[in-house]
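Reading through the structure tokens given below for one structure.
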Amino acid sequence: MSKVTFGYIVGGDDKHYINLMRSLKALEERVKQPYEVVIIDMDDRFYADDANIKVVKQDAKHLQGSGRNWFQPHIWAKRYELYKHVETDYCFYMDVDTVLINDRVDELIEESEDNFMLAQHWWVPTLDEFMKNVRADLRKVSKFLPPGGVDYFYGASGCFLFKKDAHDHIFEKFHEIYTDIHGDGSTPLNVTDELLLCLSFNRFDDWKFTNGAFNHTAAHALMPLKKENGIWMGKNPYEKEFKPVFVFHSSYENVHTLVEHSPKYIDGIKEVMYWEEYHP
């Protein structure tokens, strides 16, 4: 039995399925150890005959207003149900528009010390910063906010690591908050899964942040990036240490636009993100 699973949620536009195929290609080419894949498919469109890929067919209530571009809570909430389908010791959840760059699986599992692990958000590292910089309708969220004078850390939800059976309470808390806010079908402005995740994991002690290289935008002007001895290295702008990039996070149709933020590195970024094969 493999010790690690890579988990995805997919549904909606064609581009999300194309991104998924690109992400799976990176796993196949770059992960050195046996692994499993769990895909929760919300639209019953993905098929794989690989023995290590399990596709879970699911459906969820399409929330009012959730058809606008990326804001589809009924889809993104499913990432916090992956734990119900994982059979390995550990699971990396990854957004479908991520591409694994460096195989750091064992290193990251060791670093986690069996904590729920993710990277701190690169531009809103705390809940206070989120509330200052993002116009959000928090009326239904207010009861879950920390007391005055207390701030929460804010994480980037596009990639996280959890241990089987060890972090169910974080996912259950997320579901409790999600149901309270979205259970009537509403979609309050800018109340995203990252906000609900922030309000969930901060209530517990068994979580930790890793370096921003864990979930990197591939945009040097936003998150520092460099290539050192042939290895892509990155970090959050407020962190001191560069670490090897685990995943680059950019949808296949947007990779060429990274030239605006990473002009020095764009050719190399296109290569490792399979631009020639997957560009529109």
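Quick note: the coordinates plus some simple rules give every number you see, no bench work behind them. Keep in mind the model is a prediction, meaning the values are calculated, not measured. All Cβ positions, glycine included, derive from the backbone under ideal geometry; neighbour counts span all protein chains shown.
Modelled this way, with points 7 Å down the Cα-to-C-beta line, the labels at I231 and D43 are 3.9 nm from one another. The amide H of S250, built 1.01 Å from its N in the peptide plane, has V99 as neighbours under 5 Å, considering only residues 5 or more places off or on other chains.
When Rg and Dmax are taken over the Cα atoms of the range 151-235, they come to 15.9, 53 Å.
Helical runs assigned H by DSSP (4 residues or longer) give the chain a calculated mean residue ellipticity at 222 nm of -7000 deg cm²/dmol, each run adding -39500 (n - 2.57) before division by the residue total.
Counting only Cβ charges, +1 for Lys and Arg and -1 for Asp and Glu, the dipole size of the chain around its Cα centre is about 620 debye. Projecting the Cα atoms of T88, V191, H167 onto the charge dipole of the range 4-213, computed from C-beta unit charges around the Cα centre, puts V191 farthest toward the positive end.
Look at where the Cα atoms of the range 74-119 and of the range 221-254 average out, and the two centres are 18 Å apart. Peptides 81-87, 7-13 ranked from most to least packed by the mean count of surrounding Cβ atoms within 10 Å: 7-13, 81-87.
Placing a label point 7 Å from the Cα of R135 along the Cα-to-Cβ line, the residues of the range 153-197 whose backbone N sits under 17 Å from it are 188-192. Extension gain for D128-E28 works out to 32.0 nm (0.36 nm per residue, less the C-alpha to C-alpha distance).
Stretching the chain fully between H175 and R203 yields a gain of 8.7 nm (0.36 nm per residue, less the alpha carbon separation). Taken over the range 1-134, the percentage of Cα pairs per 5 Å bin, counting from 0 up to the bin with the maximum distance, is 2, 9, 17, 20, 20, 15, 11, 5, 1, 0.
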